[in-house]
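So the structure is just underneath, and the comments pick up after that.
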Amino acid sequence: MAGTLVAQLLRRKPIVFQHHPHQGEELPRNLTTFQLMMFGVGATVGTGIFFVLGEAVPKAGPAVLVSFMIAGFAAGLSALCYAELASAIPVSGSTYSYAYHALGEIVAVIIAGCVLLEYGVATGAVAVGWSGYFNELLHETIGWQLPDALSVSPIPGTDHVPTGGIINLPAVVLVLLCMLLLIRGASESAKINAIMVMIKLTVLALFSVIGFSAFNADHFSNFFAKGFTGVSAAAGTIFFSFIGLDAVATAGEEVKDPQKALPRAIIGALSIVSGIYLAVAGAGLAAKPASFFADKDNADAGLALILKEITGNEVWSTILAAGAVISIFSVTLVTLYGQTRILFAVGRDGLISKKFLEVNQRTMTPTFNTVVVSIVIALIGGFVPADYLWDTVSIGTLMAFSVVAIGIMVLRRTHPELERPFKVPGYPVTPILTVAACLYIMYGLAAITWVIFLIWIVLCIAFYWLYGMRNATLNHYSDPEEIAEPSGRRRDLEDDRG
């Protein structure tokens with residue numbers, strides 16, 4: 001009995017997708033490489049770059065530019081690992097699916113919990129942040145804004161009496177708007193996201209040009225005044241501005257020619273994000289000394305205040321505020337999309353209800369899945385303050401990054417024959433460094449973050465024990481390789497490419 005239980009916990013899902021369709025519904029392959037790349041940029045370039053300088057520059061001084069490069073290098077290691085697995089296993093589900101193929105069912109369940117925590121909580125927190133920027137934009141453009149009662153989440157006060165507002169209505173509306181876009185179709189959502197990404201990149205590029213126009217070399221004197229310790233601390237802060245690149249991998253089943261498109265999109269998105277981050281940081285320091293960013297009065301205004309002081313015109317700060325609103329909208333759209341595709345993959349494997357696998361035959365999107373996820377996240381965004389959300393995002397992401405790197409090393413040994421259109425350079429050093437970097441950052445997380453994370457993982461394992469273990473799709477096959485011959489309909493890959 002114990003042996004059977006252990007065998008089930010450790011069993012791996014066969015890698016058969018390259019020549020066979022999946023069981024049940026499949027999603028249409030209609031996303032282009034460019035749209036997928038914009039998914040990665042859209043999920044990554046959010047609130048972080050607009051305000052991260054206020055947190056990072058005081059730690060590292062002008063050497064924050066080195067911190068950006070270190071954080072980009074660490075994110076790049078993870079991106080390379082994602083690129084190999086995405087090219088070898090181009091399916092929905094991202095890290096969850098990779099873990100099921102490489103490390104076994106129980107690890108897949110834990111990683112599903114990690115990525116659901118990452119995407120679900122991050123989407124709610126981003127929606128809360130968007131509400132504040134949207135309200136500020138209303139004030140700057142028409143001189144009116146929503147009252148706190150309708151734009152601030154309730155906050156637990158003394159004697160259990162809530163303070164703050166009644167509901168964060170803009171956050172709820174944002175999530176529901178993204179839900180409607182996703183229900184219309186992944187291709188339509190990808191087009192709108194690409195437009196929003198181009199707008200926010202233009203706004204950030206505009207800031208960089210204006211910032212460098214006020215270049216002062218004295219701002220870069222005493223470059224390493226804070227020492228390497230400060231550079232490392234700032235790199236840890238900045239690293240989380242790169243979170244979101246794994247969103248590309250969640251679309252593995254809906255992109256044309258996935259084995260080529262996925263690595264190109266992941267690496268392309270990282271290159272764009274790293275370039276724009278360095279440009280913005282360099283422009284900010286060119287225009288203002290490090291002491292400017294250490295002033296708490298400038299923390300919230302950040303880039304907008306720099307533009308206002310350089311140009312003497314408030315219109316530029318309004319444009320930047322509009323860019324922030326658009327930026328966060330696209331982040332919400334992509335992270336919500338990623339959440340639904342992970343649940344789609346988990347539903348296909350029978351570890352949650354098959355309802356999450358149902359596809360609307362007219363729009364070819366998982367409508368039930370999208371509606372349920374959106375309602376839950378809208379409630380989080382409407383009633384939970386962002387401060388209670390952000391700290392729980394990072395640990396799930398770092399766990400996912402680590403598992404991807406470990407999965408590469410395992411599959412290189414267990415499936416050496418697997419077709420890998422992209423291979424991680426510097427193997428095995430690159431995946432080992434990826435795991436080491438993630439563990440180093442996780443080590444510095446607060447104890448309460450670990451407590452919340454462990455409670456969530458225990459709940460996920462309990463649900464698997466009560467439901468997933470007896471309903472897993474692999475239970476229906478005496479030989480798991482039989483899953484290679486499904487009875488469901490098939491969308492031929494060559495037809496989709498055509």
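Computed over region 257-331, relative contact order equals 17 percent, with contacts defined as Cα pairs under 8 Å that lie 6+ residues apart.
Counting Lys +1, Arg +1, Asp -1, Glu -1, what net charge surrounds P62 among other residues with beta carbon under 14 Å of its beta carbon? Could you put the intermediate results ahead of the total?
Numbers: positive: K59, K226, K288; negative: D218.
Around P62, the surrounding residues sum to +2.
The count of lysine pairs in region 29-475 that are at least 8 places apart or cross chains, and whose C-alpha atoms lie under 17 Å apart, stands at 8.
Derived value for region 29-475: Kirkwood hydrodynamic radius 22.3 Å. Basis is the mean of 1/r over every pair of different alpha-carbon atoms. When the charge dipole of the chain is built from unit charges on Cβ atoms (+1 for Lys and Arg, -1 for Asp and Glu) and taken about the Cα centre, the candidate among T414, A75, V273 whose Cα reaches farthest toward its positive end is T414. Projected over all directions and averaged, the alpha-carbon convex hull of region 69-133 occupies 5.9 nm².
Protection proxy ranking of 239-251, 332-344, 208-220, by the mean of other Cβ atoms within 10 Å over each peptide's residues and highest first, is 332-344, 239-251, 208-220.
Hydrophobic, long helices, defined as DSSP H runs whose alpha-carbon span along the helix axis is 27 Å or greater and whose mean Kyte-Doolittle value is at least 1.0, occur in the chain at 64-88, 105-142, 186-213, 258-287, 315-348, 391-414. The residues neighbouring Y337, those whose beta-carbon lies less than 14 Å from its own, together hold a net charge of -2 under the Lys/Arg +1, Asp/Glu -1 convention. Each of F453, F207, F223 has some number of other Cβ atoms within 10 Å of its Cβ, and from fewest to most they run F223, F453, F207.
Among T4, L206, A194, which residue has its Cα positioned farthest towards the positive end of the charge dipole of the chain, with +1 placed on the Cβ of Lys and Arg, -1 on the Cβ of Asp and Glu, and the dipole taken about the Cα centre? Comparing the listed Cα positions along the dipole, T4 ranks first.
No lab work stands behind these numbers, since they all come straight from the coordinates. Just so it is clear, the model here is predicted, and its values are computed rather than measured. A quick note on method: Cβ atoms are made from the backbone with ideal geometry, for glycine too, and the neighbour counts reach across all protein chains shown.
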